[in-house]
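Okay, so here's the structure we're looking at.
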Amino acid sequence: AFRLTTQTSNQDLHSGNFGNVSVNAAEKLIAIINKLIDPQTQRPRVPTLQRNIRPMTKEEKDWIDELPDPKDVPSPLYRNKRDYYQRLMFEPTLTVNGLKSGYQGPKVKTIIPGTATAVLDSRLVVDQCCEDIRADIEKLLKDELSTGQVKLQWMVGLNPTKVDSANPLVKP
């Protein structure tokens, strides 16, 4: 998990004085997130999250076929039952957990946000490594990080594990 923060000014700016002439921190953050996650497919664009994905075994496919059909999934991205469980259990994710920027009050305040923050997490699959993902994200954001307008704070990392289906404890 990590936190991304963009800072384009020390304070929010009035859009009547700075609209179209000053960088908006929220828009900058959205552009950075779109470098990491495809906004159309919502799949990670981080190369190491696209590699080392083991195909499901025949046994795992058979187990999935025995699972119930997914129900009540809001905003589904999957095509069918097999795709649902494959995405859920066998593919890595990169997820925006939260965003914060600008005015959030009950009325309108015409501003250009000076700061924007997002918290993201990634669920890895077996054969992927936190350090590799970390290095890849830092490489993808190298230009943005070098300006100092973007800060990246690593929060927690845990390498994935997978129990072998032949393990005698799996059957019970």
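The values are calculated or read from the model by the stated rules, or taken from the named source; none is laboratory data. Predicted model, so just to flag it, every value in this text is computed and none were measured. Neighbour counts are summed over all protein chains in view; Cβ atoms, including those assigned to glycine, are modelled from backbone coordinates with ideal geometry. Just so you know, the surface numbers come from the protein's heavy atoms only, side chains and all, with ligands and any DNA or RNA stripped out. Shrake-Rupley method; radii C 1.70, N 1.55, O 1.52, S 1.80 Å.
When residues in the stretch 1-26 are screened for being open to solvent by 70 Å² or more (accessible area, probe 1.4 Å), touching a residue at least 40 places away in the same chain (Cβ under 8 Å) and either assigned to a helix (DSSP H, G or I) or in contact with a helix residue (DSSP H, G or I) (Cβ under 8 Å, 6 or more places away or on another chain) (or both), 2 of them pass. In the stretch 103-113, the count of residues that are within 19 Å of Pro44 (Cβ to Cβ) and free of Cβ contacts under 8 Å to residues at least 40 places away in the same chain is zero.
Look at Ile64 and say whether it is within 18 Å of Leu4 (Cβ to Cβ), in contact (Cβ under 8 Å) with a residue 12 or more places away in the chain and either of a type in the set (Val, Ile, Thr) or open to solvent by 30 Å² or more (accessible area, probe 1.4 Å) (or both). Here the answer is no, as Ile64 does not meet what is asked. The set of residues in the stretch 137-163 being surrounded by 10 or more Cβ atoms within 10 Å (Cβ to Cβ) and more than 15 Å from Leu4 (Cα to Cα) consists of Gly157, Asn159, Pro160, Lys162. Put simply, of Thr48, Thr95, Thr115 the only residue that is open to solvent by 50 Å² or more (accessible area, probe 1.4 Å), among the hydroxyl-bearing types (Ser, Thr, Tyr) and closer than 23 Å to Thr161 by Cβ is Thr95.
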